[in-house]
1. Apply the Karplus curve 6.51 cos²θ - 1.76 cosθ + 1.60, θ = phi - 60°, to the phi angles in the range 125-133 and return the couplings in whole Hz, x for Gly and Pro.
2. Name the shape class, rounded, prolate or oblate, that the alpha-carbon gyration tensor gives for the chain, where a ≥ b ≥ c are the square roots of its eigenvalues, rounded holds for a/c under 1.5, and otherwise prolate holds if a/b is larger than b/c and oblate otherwise.
3. Do you know the relative contact order of the chain, to the nearest whole percent, from alpha carbon pairs under 8 angstrom that are 6+ apart?
4. List the trypsin sites (Lys or Arg not before Pro) within the range 35-84 that DSSP assigns to loop and that have no more than 11 neighbouring Cβ atoms inside 10 Å.
5. Charges only on Cβ, +1 for Lys and Arg, -1 for Asp and Glu: so what's the dipole of the range 238-453 about the Cα centre, in debye to the nearest 20?
6. Looking only at the range 154-187, which residues have a backbone nitrogen under 19 Å from a spot 7 Å from the Cα of GLU122 in the C-beta direction?
7. Given the Cα-Cα distance of LEU54 and THR423 and 0.36 nm per residue of separation, how much length would full extension add, in nm?
8. Does the range 175-303 come out rounded, prolate or oblate, given a ≥ b ≥ c as the square roots of the eigenvalues of its C-alpha gyration tensor, rounded meaning a/c under 1.5 and, failing that, prolate meaning a/b above b/c?
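Laboratory data are not the source of any read-out in this text; all were calculated from the coordinates shown. These figures come from a predicted structure and were not determined experimentally. A quick note on method: Cβ atoms are made from the backbone with ideal geometry, for glycine too, and the neighbour counts reach across all protein chains shown.
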Amino acid sequence: MTESLERSATMPLPAREQLETLVADILAEARAQGASAAEAAVSFGSALSVAVRLGEVETLEHHRRRGLAVTVYFGQSRGSASTADWRQAAIRDTVASACAIARHTAADPYAGLADPERLAREIPDLDLYHPWALSAEEAIELARECEAAALAMDPRIRNSEGGGVATHAGFGLYGNSHGFCGGYPTTRHSLSCSVIAQDNGEMQRNHWYSVARDRVGLEAPIAVGQKAAQRSLRRLGSRRLGTRQVPVLFAPELARGLIGHFIAAIRGGALYRKASFLLDRLGTPVFPEFVAIRERPHLLGALASAPFDSEGVATADRHLVEGGVLQGYVLDSYSARRLGMTTTGNAGGTHNLIVEPSGPFGHEALLQQLDTGLWVTELLGHGVDTVTGDYSRGASGFWVEKGEIQFPVHEITIAGNLKEMFTGIRALGSDVDKRGGIHCGSLLLERMTVAGE
């Protein structure tokens with residue numbers, strides 16, 4: 001244990017005024033040291049995490065982190081530095097380090113702050129801050145309850161990798177020499193459990209978790225534990241498959257990974273480096289006609305909501321894909337200038353991507369559409385090349401015939417090319433998983449190569 005029980009509750013956040021003063025001091029110091037422009041970000045976070053295994057506390061940690069980062073510009077030469085020390089002497093030294101770097105860096109014609117007219121003028125409250133006054137003792141009991149529910153599900157649940165509880169609260173504030181200064185507090189809470197099922201000498205592990213901004217949005221500890229147990233039990237009796245080409249259904253938590261590969265291919269950095277299989281595809285079909293993907297940055301309480309990006313640029317709803325056609329890229333100011341375009345407010349990433357279901361297709365309906373093929377529930381490895389689109393991952397899941405699950409499978413590889421996989425989407429499910437920045441249901445592909453025995 002890294003802290004005593006008495007000190008393990010999360011710490012209060014600093015006052016907003018303190019962070020605003022800190023940013024103002026950093027920007028003033030940059031001006032004093034000769035910078036023509038500057039931007040600064042300060043952050044503070046406090047967290048409590050507990051892990052319990054077989055009823056015993058394995059880890060009890062309290063984290064408190066703070067930091068500041070500054071980027072200065074001398075014309076179009078740029079330098080950056082950061083520190084966790086908020087004292088005035090440390091601020092002077094950090095700004096001096098950034099200035100020294102900038103003075104020795106070649107000018108980049110695309111470098112600079114975001115254009116002033118793109119900065120957020122209004123900062124809406126997106127309901128992202130719901131602190132949880134959770135004591136260490138309470139966290140331990142919740143983790144124990146979660147794990148105990150899993151262990152009690154079935155006598156074949158023989159072992160556990162633990163139950164966990166985590167809560168985090170933080171405040172981040174950004175400002176620049178265009179006069180922008182904005183920030184907001186956030187929270188994030190989670191419950192998790194991972195257990196091992198064993199039968200006839202075979203062992204299978206699986207897990208489940210729940211995450212939310214507000215603790216009232218979490219699944220009950222018992223439900224999390226029971227789902228982890230059920231997912232482990234259904235893996236017992238796994239077999240291998242012979243090599244074949246078949247339709248493949250990705251579970252929602254894996255389908256969002258495929259959408260993540262799409263986003264990686266339309267990021268500005270990949271595009272201006274010409275390192276994307278979707279180069280020069282703006283305004284052309286990249287998915288079937290029924291596919292629509294929207295960015296919704298202002299969803300109340302969502303895990304990836306943000307009123308502005310990490311450059312202070314206002315975020316807004318937009319269509320990334322409509323009617324299967326690529327409508328826009330994912331750009332920050334630098335990559336936008338490199339491409340002769342304007343920023344899309346995505347410095348630091350995307351904000352709540354919504355993949356619209358192609359119909360009222362729940363899990364059972366999708367199995368019927370799959371008919372005979374592979375339902376993938378777990379992926380291993382990182383065999384994805386966003387330059388060529390080649391895709392190859394280790395996988396496990398279930399073999400399905402005539403819409404009915406026949407048996408679990410493991411130790412197989414699924415392979416294809418993302419360009420063909422995207423155009424070969426047959427259905428997008430309504431069983432949407434919202435535990436992240438991409439809200440997506442199950443995804444049914446026309447065909448992939450499955451390699452096994």
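1. 7, 9, 6, 9, 10, 9, x, 10, 7
2. Values: a/c = 2.29, a/b = 1.32, b/c = 1.73.
It comes out oblate by the Cα gyration axes.
3. With pairs under 8 Å counted, the relative contact order is 14 percent.
4. For trypsin sites (Lys or Arg not before Pro) across the range 35-84 that sit outside H, G, I, E and B with at most 11 neighbouring Cβ atoms in 10 Å, the list is empty.
5. 460 debye
6. 180-184
7. Residue separation times 0.36 nm, minus the Cα-Cα distance, leaves 128.2 nm.
8. Cα axes put the range 175-303 in the oblate bin.
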